[in-house]
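Have a look at the structure below, then the notes.
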Amino acid sequence: MDMLIVFYLLLFFVAFLYASVGHGGASGYLALMALFNVAPDVMKPTALLLNLFVAGTSFIQFYRGRHFLWKIFLPLALASVPMAFLGGLITVDAVIYKKMLGLLLLIPIARFLFFRNISVNQLKKPGMGLSLLIGGSIGLLSGMIGIGGGILLSPIILLLKWTDQKQTAAISALFIFVNSLSGLGGQFTKGIHFSPDMVAYVAIAFAGGLGGAYFGALRFRQDVLKYLLAFVLMMASYKLLL
């Protein structure tokens, strides 16, 4: 099978699964591009642009399900958006970038394997200071690496018991969208390089995101798919680190 077709199939699969849990999928797209030897200066803006389509679609579905909480989202976004722009201005050495990405991919692996069914019986009220600290830290890293930050935010707010699973998905989706937009803005000031196949990337990721967001809102069970995605991420992490 042609490797480009394999890439497109995996891209659809990644977008579908990430959107089903309220994520844009940047860490998955970056992992795929790393496996297919895409240049880092193309990887970052490509992942952020795909995030806009997939996370935006996912947010709409979860928002319609009345899972979104502005009071949780706003302090996080207030700190993350300017820091994501700043992160987008930072140029990271290619070797260091690959190591950072390899380590970062361990987080979604843990997210899909060990944080699949966290039950929150009693929600806690988040503190403003901690919300700003979390949002700002994730925003800076998001802009530097080329992710929206949802894969980092989700396990944190779940473990802090600020939100349940569906609320986490809704908040993460919009968090990813605004951070991706801000990170792209920072990168635009330096010049951006996209793949010649960018239109196909967007169409395939958008289709996967539509399907994933729809089924995710209907409590679709994706345990097998999550194990498969975790395996793909492990392969990419191994390649980047070793």
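The residues of region 80-105 that are among the hydrophobic types (A, V, I, L, M, F, W, C) and over 13 Å from residue 183 (Cα atoms), listed by number, are 92, 94, 95, 96, 100, 101, 103, 104, 105.
Residue 161 is checked against (1) in contact with a helix residue (DSSP H, G or I) (Cβ under 8 Å, 6 or more places away or on another chain); (2) at positive phi and fails just one. What number does that condition carry? Tallying (1) in contact with a helix residue (DSSP H, G or I) (Cβ under 8 Å, 6 or more places away or on another chain); (2) at positive phi, residue 161 fails exactly one: (1). Report yes if some residue within region 111-121 is touching a Phe, Trp or Tyr at 6+ places or on another chain (Cβ under 8 Å), touching a residue at least 24 places away in the same chain (Cβ under 8 Å) and surrounded by 22 or more Cβ atoms within 10 Å (Cβ to Cβ); otherwise report no. There is at least one residue in region 111-121 that is touching a Phe, Trp or Tyr at 6+ places or on another chain (Cβ under 8 Å), touching a residue at least 24 places away in the same chain (Cβ under 8 Å) and surrounded by 22 or more Cβ atoms within 10 Å (Cβ to Cβ).
Per-residue answers, yes or no, for (1) under 24 Å from residue 96 (Cα atoms); (2) modelled with pLDDT of 85 or more; (3) of a type in the set (D, E, K, R):
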position	(1), (2), (3)
3	no, no, no
7	no, yes, no
13	no, yes, no
19	no, no, no
27	yes, no, no
40	yes, no, no
45	yes, yes, no
49	yes, yes, no
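Listed by first and then second residue, the pairs linking a residue in region 202-217 that is over 18 Å from residue 9 (Cα atoms) and hydroxyl-bearing (Ser, Thr, Tyr) to a residue that is in a helix (DSSP H, G or I) and at pLDDT 80 or above, with Cβ atoms under 8 Å apart and 6 or more places separating them unless they lie on different chains, are 214/61. One residue stands out in region 1-52 among those that are assigned to a helix (DSSP H, G or I) and charged (D, E, K, R): the one that is farthest from residue 237 (Cα to Cα), namely 41.
Name the single residue that is farthest from residue 111 (Cα to Cα) among those in region 129-162 being polar (S, T, N, Q) and crowded, with 24+ Cβ neighbours inside 10 Å.
Residue satisfying both the conditions and the ranking: 142.
Residues of region 34-64 that are buried (at least 21 other Cβ atoms within 10 Å of the Cβ), hydroxyl-bearing (Ser, Thr, Tyr) and within 22 Å of residue 171 (Cβ to Cβ): 57, 58. Among helices (runs of 4 or more DSSP H) entirely within region 150-221, having at least 3 residues that are hydroxyl-bearing (Ser, Thr, Tyr) singles out 165-188. If the condition is being among the β-branched types (Val, Ile, Thr) and touching a residue at least 24 places away in the same chain (Cβ under 8 Å), then region 153-184 contributes 157, 163, 168, 171, 176, 178.
The values are calculated or read from the model by the stated rules, or taken from the named source; none is laboratory data. Bear in mind that the values here come from a model prediction, so they are computed numbers and not experimental data. Cβ coordinates were reconstructed from backbone atoms using ideal geometry, including for glycine residues, and neighbour counts include every protein chain displayed.
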